[in-house]
Structures are given as C-alpha cells and as structure tokens.
C-alpha cells in the first residue's frame with residue numbers, strides 16, 4: 001500500500017485472523033495479497049515461478065445473495081437469486097452471534113484453511129502486478145496462455161446479472177497488508 005501517515009502495526013497471522021473476525025458488518029478494507037496464479041503444468045516454463053501481487057480496496061462481510069439480488073433489481077429483473085453449493089461450501093465463523101468475513105474450509109488434500117472473504121466493486125481500486133522468480137516484473141501476456149481462466153460470463157449468467165458480482169476468498173496466509181479503520185496492519 002502507498003506510504004501514508006496512517007498508523008502501522010505489525011501483526012502475526014493469528015492476530016490478523018482475530019482482527020478480521022471483529023468485522024461484523026459490511027466494511028471497506030484495503031488489502032495486499034501475494035498468491036500463485038493457477039496455471040497448467042504441461043509445456044509451461046513459468047509453472048510455479050510466477051507470483052501475483054494484488055492491491056485492492058474491497059468490502060468485507062457483505063451478504064453475497066443480497067448483493068446479487070440488489071443488482072438484479074437494478075437491472076429490472078426478478079430478484080430471486082439463491083447461491084449455489086460452491087458459494088456456501090465454507091463454514092462461516094460467527095462472533096457474538098454475527099457472521100464474520102473469516103471462513104473455515106477443509107481442503108481436498110485433507111488440510112484445513114482459513115480464508116478472508118471479500119467483495120469487489122467496479123468503482124474501487126484494484127491493481128495487479130506479476131513477478132517472475134519473486135523478483136522480476138513480468139507482463140501477464142507473457143504467460144496468460146497457461147492460466148486457468150476464470151469465466152466471468154458464466155458466473156454472471158448463473159447470477160442472472162449482466163455483470164458478475166465478484167466475491168473472492170483469500171487464504172489468510174496470502175494477506176501481506178490489511179488497511180482497516182484507518183490503520184495499516186502489516187503481517188510479519
């Protein structure tokens with residue numbers, strides 16, 4: 001995140017989880033994530049060598065179904081969206097009887113993951129950069145043919161909307177910085 005005069009606090013992953021669990025209503029949050037893009041292996045010299053750094057302003061703890069139904073209503077369509085199994089396959093955590101933006105998920109390999117669920121809005125800032133071998137900037141066009149693509153058109157069709165209502169769940173361990181309530185939290 002850009003250098004600011006906001007207070008900065010260094011936190012562990014567990015301290016960050018504890019902080020994120022306190023979000024009990026739709027709240028604007030700034031995040032910086034470091035992830036590895038999903039890619040095909042075959043014939044791919046870039047496989048497991050690219051990292052994706054995303055800086056975004058998002059909302060945490062939004063009601064996904066309500067958001068899609070509001071978009072349907074704006075488009076003068078029947079607001080009757082019910083999320084499918086994929087959208088509800090994580091166990092939502094609760095704090096004081098209210099849902100939080102922190103989710104638990106049992107992974108296919110038998111491990112367990114803790115995720116932070118966020119909602120992207122078109123007017124909010126989102127910047128993505130890629131690094132090769134964790135140091136050299138690389139254009140997405142160089143390796144795009146190997147990416148496992150996300151099909152926004154089919155998701156929007158499932159939602160019944162003209163535009164996809166974007167929701168993402170990031171592993172908490174991929175979060176490097178979180179801006180919440182005027183404080184920059186830096187994960188150590």
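Data table
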| read-out | value |
| --- | --- |
| Residue among 81, 59 that is part of a strand (DSSP E or B) and modelled with pLDDT under 90 | 59 |
| Residue among 22, 54 that alone is touching a residue at least 60 places away in the same chain (Cβ under 8 Å) and assigned to a loop (DSSP other than H, G, I, E, B) | 22 |
| Evaluation of residue 40 against (1) surrounded by fewer than 14 Cβ atoms within 10 Å (Cβ to Cβ); (2) over 17 Å from residue 167 (Cα atoms); (3) out of contact with any helix residue (DSSP H, G or I) (no Cβ under 7 Å at 6 or more places or on another chain) (one fails), failing number | (3) |
| Number of the condition not met by residue 18 [criteria: (1) more than 27 Å from residue 186 (Cα to Cα); (2) surrounded by fewer than 17 Cβ atoms within 10 Å (Cβ to Cβ); (3) modelled with pLDDT of 90 or more] | (1) |
| Extreme residue, surrounded by the fewest Cβ atoms within 10 Å (Cβ to Cβ), among residues of segment 1-14 that are at pLDDT 90 or above and within 19 Å of the chain's Cα centre (by Cα) | 14 |
| Single condition residue 53 does not satisfy, out of (1) modelled with pLDDT under 90; (2) in contact with a strand residue (DSSP E or B) (Cβ under 8 Å, 6 or more places away or on another chain) | (1) |
| Among (1) within 16 Å of the chain's Cα centre (by Cα); (2) assigned to a strand (DSSP E or B); (3) at pLDDT 80 or above, the one test that residue 173 misses | (2) |
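Every residue, every condition in (1) in contact with a helix residue (DSSP H, G or I) (Cβ under 9 Å, 6 or more places away or on another chain); (2) part of a loop (DSSP other than H, G, I, E, B); (3) over 30 Å from residue 71 (Cβ atoms), yes or no:
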{"site": "101", "(1), (2), (3)": "yes, no, no"}
{"site": "104", "(1), (2), (3)": "no, no, no"}
{"site": "109", "(1), (2), (3)": "no, yes, yes"}
{"site": "113", "(1), (2), (3)": "yes, no, no"}
{"site": "116", "(1), (2), (3)": "yes, no, no"}
{"site": "128", "(1), (2), (3)": "yes, no, no"}
{"site": "131", "(1), (2), (3)": "no, no, yes"}
{"site": "141", "(1), (2), (3)": "no, no, yes"}
{"site": "149", "(1), (2), (3)": "no, yes, no"}
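The values are calculated or read from the model by the stated rules, or taken from the named source; none is laboratory data. Given the structure is predicted, the values throughout are model-derived calculations rather than measurements. Cβ atoms come from the backbone with ideal geometry, glycine included; neighbour counts cover every protein chain shown.
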